[in-house]
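K.L.:
Supplied in structure tokens, the structure appears directly below.
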Amino acid sequence: MLTLEILLAIAVCWCAAALSFFVHEMGHATAAIALFGKDSVSRVSVGVGPRVVWHGKLVARLFPISGRTWVVERDLTPVQAAFISLAGPVASTLLGLSMLLLANHHDQIQGRQFLIVLGQINMAIAAMNLLPVPPLDGWRAIEPVLCRRFGWHPASAGMQIAYRAGYGFLAAANVWVA
């Protein structure tokens with residue numbers, strides 16, 4: 001039977017995961033807005049599954065285990081693509097370091113262990129996203145350079161296969177971590 005404590009723990013973990021991915025995605029959105037203005041982001045979504053909250057351009061879904069920022073279609077230079085792509089891991093790193101510093105600065109903080117775990121999770125989100133695997137941020141940062149260098153087209157069949165393989169890798173990694 002679910003007790004109030006268990007329900008509260010589930011709610012806190014859901015909120016922490018949603019916050020972590022929200023901060024990551026807002027890093028991407030902030031970078032795109034800094035480059036192209038406020039209309040350059042069409043939507044920011046956190047999680048998978050049914051929508052829980054939809055407010056303007058922000059969407060929260062039932063299972064906060066990922067996120068995505070939709071930048072309005074435009075030709076990005078490799079530097080612009082890298083700037084937007086790497087802004088998410090930078091935001092995750094900053095949140096992770098903030099949580100770890102807060103937890104280590106005050107020994108008497110209630111929930112210190114929670115802050116440590118939240119910091120570590122955000123550092124892991126940042127590190128994982130730097131892998132050069134489609135569709136992760138590390139790949140998106142180098143994709144324009146590779147496409148120009150090797151004459152690949154982002155919508156080509158080969159790139160679609162690479163993205164499917166990347167999603168398969170992510171699914172397997174999530175199962176392994178779980």
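The values are calculated or read from the model by the stated rules, or taken from the named source; none is laboratory data. These numbers were taken from a predicted model, which means no experiment stands behind them. When we count neighbours, we look across all protein chains shown, and the Cβ atoms used for this are built from the backbone with ideal geometry, even at glycine. Accessible surface areas use protein heavy atoms only, side chains included; no ligands, DNA or RNA. Shrake-Rupley method; radii C 1.70, N 1.55, O 1.52, S 1.80 Å.
Residue-by-condition table, conditions (1) under 17 Å from the mean Cα position of the chain (by Cα); (2) at pLDDT 90 or above:
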site	(1), (2)
Pro50	no, yes
His55	no, no
Ile65	yes, no
Thr69	yes, yes
Leu76	no, no
Gln110	no, no
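K.L.:
Criterion first (in a strand (DSSP E or B), closer than 20 Å to Ser85 by Cβ and either open to solvent by less than 60 Å² (accessible area, probe 1.4 Å) or touching a residue at least 24 places away in the same chain (Cβ under 8 Å) (or both)) does Val59 satisfy it? Lay out the reasoning, then the answer.
P.N.:
Working: in a strand (DSSP E or B): yes; closer than 20 Å to Ser85 by Cβ: no; either open to solvent by less than 60 Å² (accessible area, probe 1.4 Å) or touching a residue at least 24 places away in the same chain (Cβ under 8 Å) (or both): yes.
In short, no.
K.L.:
Further question: Across the range 1-34, what is the total count of residues that are under 18 Å from Arg68 (Cβ atoms) and either touching a helix residue (DSSP H, G or I) at 6+ places or on another chain (Cβ under 7 Å) or assigned to a strand (DSSP E or B) (or both)? Quick ask: steps written out before the conclusion?
P.N.:
Step one: of the range 1-34, the residues under 18 Å from Arg68 (Cβ atoms) are 17-33.
The next check asks that each one be either touching a helix residue (DSSP H, G or I) at 6+ places or on another chain (Cβ under 7 Å) or assigned to a strand (DSSP E or B) (or both); those that pass are 20, 23-28, 30-33.
Final tally of qualifying residues: 11.
K.L.:
Collect the residues in the range 12-42 that are open to solvent by less than 80 Å² (accessible area, probe 1.4 Å) and over 20 Å from the mean Cα position of the chain (by Cα), keeping them in residue-number order.
P.N.:
Phe36, Gly37
K.L.:
Taking helices (runs of 4 or more DSSP H) that do not extend beyond the range 86-178, which have at least 3 residues that are open to solvent by 60 Å² or more (accessible area, probe 1.4 Å), out of contact with any His (no Cβ under 7 Å at 6 or more places or on another chain) and more than 25 Å from Val12 (Cβ to Cβ)?
P.N.:
Because the criterion is at least 3 residues that are open to solvent by 60 Å² or more (accessible area, probe 1.4 Å), out of contact with any His (no Cβ under 7 Å at 6 or more places or on another chain) and more than 25 Å from Val12 (Cβ to Cβ), the helices (runs of 4 or more DSSP H) in the range 86-178 that meet it are 137-150, 157-177.
K.L.:
State all residues of the range 1-11 that are among the acidic types (Asp, Glu) and open to solvent by less than 80 Å² (accessible area, probe 1.4 Å); if no residue qualifies, say none.
P.N.:
Across the range 1-11, there are no qualifying residues.
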